[in-house]
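Okay, structure first, notes after.
Just so it is clear, none of the values below were taken in a lab; they were calculated from the coordinates. Because the structure is a prediction, the values reported are computed rather than measured. Every residue, glycine among them, receives a Cβ derived from its backbone with ideal geometry; neighbour counts consider all protein chains shown.
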Amino acid sequence: MVDHEKKSKILHLILLACVAVAYVFSAIHPFDRLAWFGQMMPAVLLVLLLVASYHRFRFSTFVYVMVFFHVLLLLYGAHYTYSQNPLFNYFQEQFAWQRNHFDRVGHFAQGFVPAFLFKEFFVRGGYVKKGKVLWLIVILSCLGLSAAYELSEFALVKILAVPADLVMGTQGDYFDSHWDMLWALIGANTATVMFGSFHDKQMVKMEKRSIKGKESK
């Protein structure tokens, strides 16, 4: 039990260190400094929140790994902005897409990863029991988070008078925010349906280790 606890903490520290390195690379000569600041802020706030709550409420390693990849995606997107991602510019040329679709990937992840965070917090915190109500609350929480993100982008554009396409990546689509929330909804449903049982097993294992740890003291 002790060895597993130490290994988990070491892995979590490695993930945090890798995030710090990725942050530095993301900050080096971004496409637009103001857009980078606005788009990387959710990643920084998420990491700070998880670090601050680590000793009060520790998520499973599975969740931390998912968050790690999500943060990397956010920092990568912030460096180039969501509408000028070079990889998806290449895809746009190759497949004759009308827009750079990195934005869609980012918002899919915006629903996919938080679904695990919300679910684990509600279940292991004892706030909601497993079942259809839990699924509904998780989905609505992810959708609410996505809507809050869209409103924050709207506020940034209005307050600082930044071009909407630079911050929001609308690319001329008046329904871009609606598409973003839809993809977050799809991501949240994908997480709960396809990976729900696997996540449940990870939570059960963590609870068993926690009980054994308390009994051994």
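Summary table
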{"item": "Additional length obtainable on full extension of the chain from ARG56 to GLU93, 0.36 nm per residue less Cα span", "result": "8.5 nm"}
{"item": "Per-q log10 I(q)/I(0), segment 2-205, q = 0.08, 0.10, 0.15, 0.16 Å⁻¹ (Debye; single scatterer per alpha-carbon; no solvent)", "result": "-0.29, -0.45, -0.99, -1.10"}
{"item": "Cα long-axis angle, helix 132-160 against the chain (0 to 90 degrees, to the nearest 10)", "result": "40 degrees"}
{"item": "Cross-link reach list, aspartates and glutamates versus LYS208, counting only Cα pairs under 16 Å and skipping chain neighbours closer than eight places", "result": "ASP3, GLU5, GLU120, ASP200"}
{"item": "Peptides 92-105, 113-126 ordered by average Cβ neighbours within 10 Å, highest first", "result": "113-126, 92-105"}
{"item": "Nearest 10 degrees, 0 to 90: helix 86-95 Cα axis against the chain principal axis", "result": "70 degrees"}
{"item": "Sites LYS208 and ILE159, calculated FRET efficiency, Cβ-Cβ separation with R0 45 Å, nearest 0.05", "result": "0.40"}
{"item": "Calculated P(r) tail over 12 Å for segment 93-133, as whole % of Cα pairs", "result": "68 percent"}
{"item": "Residues in segment 61-89 that a label on LYS7 would reach, taking backbone N under 15 Å of a point 7 Å out along Cα→Cβ", "result": "61-62"}
{"item": "Contact order normalised by residue count of the chain, Cα under 8 Å, 6+ apart, percent", "result": "24 percent"}
{"item": "Charge dipole of segment 1-100 about the Cα centre (unit charges at C-beta), most positive-ward option of MET40, HIS29, PHE68", "result": "PHE68"}
{"item": "Additional length obtainable on full extension of the chain from LEU136 to ASP200, 0.36 nm per residue less Cα span", "result": "21.4 nm"}
{"item": "Virtual paramagnetic centre 7 Å along Cα→Cβ of ARG124, amide N under 16 Å, in segment 179-208", "result": "196-208"}
